[in-house]
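**Q** Got a structure for you, questions after.
The values are calculated or read from the model by the stated rules, or taken from the named source; none is laboratory data. Predicted model only: the values in this text are computed from it and were never measured. Here Cβ is always computed from backbone atoms with ideal geometry, including for glycine, and neighbour counts include all displayed protein chains.
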Amino acid sequence: STKKLWGGRFTGATDPLMDQFNESIHFDRRMFKADIMGSQAYVKALCKRHILTADEARTLDQGLSAVQAEWEAGTFTIKAGDEDIHTANERRLGELVGSVAGKLHTGRSRNDQVATDMRLWLRDAARELVELTRDLVRSTVERAEAEMDVLMPGYTHLQRAQPIRWSHFLLSYAWNWQQDTQRLEQLIERFNVLPLGAGALAGNPFEVDREFLARELGFRDVIPNSLVAVGDRDFVSEFLFWCSLTMMHVSRIAEDLITYSSSEFGYVSLADAYSTGSSLMPQKKNPDSLELLRGKSGRVFGSLSGFLMTVKGLPSTYNKDLQEDKEPMFDAYDTLHGCLQILTRVIATLKINPDRMRQSLSPDMLATDLAEYLVRKGVPFRETHHISGAAVRMAEERQVPLSSLTVADLQTLHTSFADDVSAVWDYERSIDNRSSIGGTSRKTVEAQIAALQKWLA
Ligand code: ARG
């Protein structure tokens, strides 16, 4: 059977089924570049400590570059015994440069190595997701700016509540994603610290310069305790939580847009490019893209809770359970990578039906404005709420729109009603009244757009 890197103390062979069970190369090969990068930095650190001569260091460095080139060209051949990306790269390095390859792992363990690789890999991956969430904010803001004049019912409890601008609705999600982007940037800052040089658990016996390693690899600091360096996966948990929270926002707008695209609402219709038909019912156009976005949130939440379960009972430092950290991390990344792009395109290509939105506004949605009319005449709000409620009841009993009650009708409820009450029945006015920061008025929606554009710039 194949010679194992750790095989010295063993006499018995591994059950082939156990080899298969134990290997992680089929998924951790994704980190080949991070693994090479970490090794190249480590070569330099060993050379600084005279564990390697300058010649040996050059040989190893070039050999590692050659291994990377094979991965990039797709010519790297995984062999039996390549347990994970670390053993595979080292095995191949040995084939290319000979026995000097055996010096690379001096003082290093796969424990500090894998933790380093993952942080390097996730740093690139997270920076890519930062770009995708920014793209999502950008296209949502563009749409909000272009469709400023479109009015729609705003809902609470999914019941018609007050008129709002469609842009205001879109921007509410743009703000969620702006926060998500900032959170991810902060998360990168937190996890961008160096485990390498921690050894298996107790530290490095050759005085490798860990601050040098950190600078070489672009980490902002060194993890100050070797036990936590090899055993901590909080960065994976935090990343999975970030993915979950972001998907929660994705899922909520998906739900909104699915609702708004039903015939009953008819506010939006999805571009054909992001819809599918029914194999049975010829008339159907289904919002599959949005349903998948909503559905995939569950999968990401599962990765988070699953991984927390994996870690919660572990004794300190490295345990092989931690090999289970990579698949949820990769899967969540892939899911977000797909979802953020699809959602950006769905939002950019959505057709809206402003007439339908407008027709769904009804005078009873101005009942609050009617109460506020009396407030402006000096009546306490708690009283005006009741008076306006009585007007709603009167209109309902007569089966007429609230706005068709006459001034005389209203005066039976309160003497402060006058002719100028007719100005209440104006949706634009209602909307533009809400002009304190964060409100749906034109002025305050424009301010939101300007603030987000400034952040995007
Ligand atoms: N493939 C392993 C992982 O992903 C690498 C670390 C192995 N370390 C060990 N002591 N067995 O966690």
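**Q** Output the residues belonging to segment 415-454 that are closer than 22 Å to Arg160 by Cα and of a type in the set (D, E, K, R).
**A** Those that are closer than 22 Å to Arg160 by Cα and of a type in the set (D, E, K, R): Asp426, Glu428, Arg429, Asp432, Arg434, Arg442.
**Q** Answer yes or no as to whether Lys312 is loosely packed, with under 14 Cβ neighbours inside 10 Å, among the charged types (D, E, K, R) and either at pLDDT below 95 or within 16 Å of the ligand (Cβ to nearest atom) (or both).
**A** Taking the combined requirement at face value, the residue does not satisfy it.
**Q** Mind checking which helices (runs of 4 or more DSSP H) fall wholly inside segment 31-143 and carry at least 1 residues that are under 24 Å from the mean Cα position of the chain (by Cα) and modelled with pLDDT of 95 or more?
**A** By residue number, 32-48.
**Q** Looking only at segment 41-58, how many residues end up being touching a helix residue (DSSP H, G or I) at 6+ places or on another chain (Cβ under 6 Å) and crowded, with 20+ Cβ neighbours inside 10 Å?
**A** Total meeting the criteria: 5.
**Q** Got a number for residues in segment 177-219 being within 22 Å of Arg49 (Cα to Cα) and of a type outside the set (A, V, I, L, M)?
**A** 16
**Q** I've got another one for you. Where the second residue is of a type in the set (Ser, Thr, Tyr) and surrounded by fewer than 21 Cβ atoms within 10 Å (Cβ to Cβ) and the first is within 21 Å of Val43 (Cα to Cα) and outside the structural domain of Gly38 (by TED's automatic domain parsing) and lies in segment 211-240, which pairs have Cβ atoms under 7 Å and are six or more apart or on separate chains?
**A** Val230/Thr317
**Q** Out of curiosity, is Arg220 touching a strand residue (DSSP E or B) at 6+ places or on another chain (Cβ under 7 Å) and not polar (S, T, N, Q)?
**A** Answer is yes for this residue.
**Q** Which one is nearest to Arg345 (Cα to Cα) among residues in segment 277-292 that are surrounded by 14 or more Cβ atoms within 10 Å (Cβ to Cβ) and among the polar types (S, T, N, Q)?
**A** Residue satisfying both the conditions and the ranking: Ser289.
**Q** Which residues, taken from segment 445-454, are over 22 Å from the mean Cα position of the chain (by Cα) and surrounded by fewer than 19 Cβ atoms within 10 Å (Cβ to Cβ)?
**A** Passing the criteria: Glu446, Ala447, Ala450.
**Q** Restricting to helices (runs of 4 or more DSSP H) lying wholly in segment 297-387: which have 3 or more residues that are assigned by TED's automatic domain parsing to the domain that holds Ala271, over 30 Å from Gln162 (Cβ atoms) and among the hydrophobic types (A, V, I, L, M, F, W, C)?
**A** 326-349
**Q** Sticking with this one: Within segment 348-376, work out how many residues are in contact (Cβ under 8 Å) with a residue 40 or more places away in the chain and more than 39 Å from the chain's Cα centre (by Cα).
**A** Residues flagged as in contact (Cβ under 8 Å) with a residue 40 or more places away in the chain and more than 39 Å from the chain's Cα centre (by Cα) within segment 348-376 amount to 5.
**Q** For segment 98-122, which residues satisfy the criterion of being away from the ligand (no atom under 16 Å from the Cβ) and crowded, with 20+ Cβ neighbours inside 10 Å?
**A** Residue satisfying the conditions is Ala101 alone.
**Q** Taking only pairs six or more apart or across chains, which ones have beta-carbon atoms under 6 Å, a first residue in segment 101-115 that is more than 11 Å from Leu60 (Cα to Cα), and a second residue that is in a loop (DSSP other than H, G, I, E, B) and within 9 Å of the ligand (Cβ to nearest atom)?
**A** Ser109/Ala200; Asn111/Ala200; Asn111/Tyr318
**Q** Another question, then. Tell me, which residue of segment 1-30 that is of a type in the set (Val, Ile, Thr) and either away from the ligand (no atom under 14 Å from the Cβ) or assigned to a loop (DSSP other than H, G, I, E, B) (or both) is surrounded by the fewest Cβ atoms within 10 Å (Cβ to Cβ)?
**A** Among those that are of a type in the set (Val, Ile, Thr) and either away from the ligand (no atom under 14 Å from the Cβ) or assigned to a loop (DSSP other than H, G, I, E, B) (or both), it is Thr11.
**Q** Show the residue pairs that are 6+ apart or on different chains and have beta-carbon atoms under 8 Å apart, the first residue being within segment 319-344 and without any contact (Cβ under 8 Å) to a residue 40 or more places away in the chain and within 22 Å of Glu23 (Cα to Cα), the second being surrounded by fewer than 17 Cβ atoms within 10 Å (Cβ to Cβ) and among the aliphatic types (A, V, I, L, M).
**A** Taking only residues 6 or more apart or on different chains, the pairs are Asp321/Leu314.
**Q** Could you check how many residues of segment 293-309 are surrounded by 15 or more Cβ atoms within 10 Å (Cβ to Cβ) and either within 16 Å of the ligand (Cβ to nearest atom) or closer than 20 Å to Asp256 by Cβ (or both)?
**A** Looking only at that region, the number is 7.
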